[in-house]
Structures are given as structure tokens and as C-alpha cells.
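Values quoted throughout were computed directly from the atomic coordinates according to the rules given, and no laboratory measurement underlies them. None of these values were measured; they are calculated from a predicted model. Positions of Cβ are backbone-derived with ideal geometry, glycine not excepted, and every protein chain shown enters the neighbour counts.
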Amino acid sequence: MFSRIYMICFFVLLLVMTPVYAEKMSLKHFVPGSYQQLLEENADKPFMLAIWSTTCSSCMEKIALLNELKESRPEINIVMLATDDVSVSGQIQTVLAKNELTGLDNWAFADENAQRLRHEIDPKWYGELPRTYFLNKNHERQGISGALSREDYDTIFKGILN
């Protein structure tokens, strides 16, 4: 009797854990050269690079808005980049899952020299968060530090789609 209960518990646990494991597999490592890869993957199309951290209170307050944007603006590819080290992938994945953002292109810093990674993205960016880059189809970009409102996003999206 106990072995049957243990087997049922095992399979229930397996079913519950499988999606969590699958979600963790989608977190890419952002290393030198990754920014260029993002540009190549998004050639000739507009996209938004949302840079955030699990330790950034403004990021955590506004991250739910990114799910709304994902749903309402499917023509804009949203790329998420956590400046947290990949060693805290579990925390990153928890935040992404809670906010229904696991289906996006998700990255996390994976180089000991975070300053080098920031410099590769933008030499004028010194690490303030949240940081968002809006790139039009020609990859002309606008970088903004700080939390944005829904109205801010809508205004900027109109500009990069034209």
C-alpha cells in the first residue's frame, strides 16, 4: 500500500517539476558577443531589450507590465536580460514564470566582468536599472534608464514601428 502511495507521489512530483525544469532551460547565457548575436537574430525588425535584476525594486514593481506589452504588442519582439549572474537562475526563472514571461527570449549575465558586458551593449550605460533599449528595424536605438509607464511604452513603440 505504501509503495503505491509513494509511486503516485513520485509521479505527481515529476509532473509538477517538469515544467519548472523546462523553463530553466530557456535562460540563455549573456557573454561577450551576445549583444551582436541579438542584433543579428533581430535583423530588419524592431525589438525591445529590457534589462532588469531580481534585486532591483523598480524592476520588480514594473515587470508585470512587460507581460501586458507582450500580449498587446506582438509585433515588438521583447528580449529580457537579467543582470543577475546565472548562478541565481532559479530566482530569475521564478520571477519570469510568476509574470508569464518565460516564452520570451530570456538571458542572464554569465561573465565575471559585468562591466564588460554593459560596455558591449552601450559604453554610456553605467549599470542603472531598469534600463530599456528600443531598436527600430534599422537598429537605431534609444536607451532609457528608469521605470516606464504604459503610456511611455506606447509612445516609443509608435516611433520605432514607423
To make sure I understand, if each residue's beta carbon is the centre and we count other beta carbons within 10 Å, what order do 150, 141 fall in, fewest to most? 150, 141
Can you sort 40, 120 from fewest to most other Cβ atoms within 10 Å of each residue's own Cβ? 40, 120
Gain on full stretching of the segment that runs from residue 68 to residue 100 - 0.36 nm per residue minus C-alpha separation: 10.6 nm
Residue 158 versus residue 125: modelled label distance in nm, points set 7 Å from Cα along the beta carbon direction: 2.6
As a quick test, which of the pairs 70/124; 70/98; 45/124; 28/137 have an alpha carbon distance above 21 angstrom in this structure? 70/124; 45/124; 28/137
Above 23 Å lies some portion of the pair distances; for the stretch 27-161, what is it as a whole percent of all C-alpha pairs? 26
Dividing the mean separation of Cα pairs under 8 Å (6+ apart) by the residue count of the stretch 27-161 yields a relative contact order in percent of 35
As a test, work out the antiparallel percent of DSSP beta bridges whose residues both lie in the stretch 27-161, rounded to the nearest 5. 40
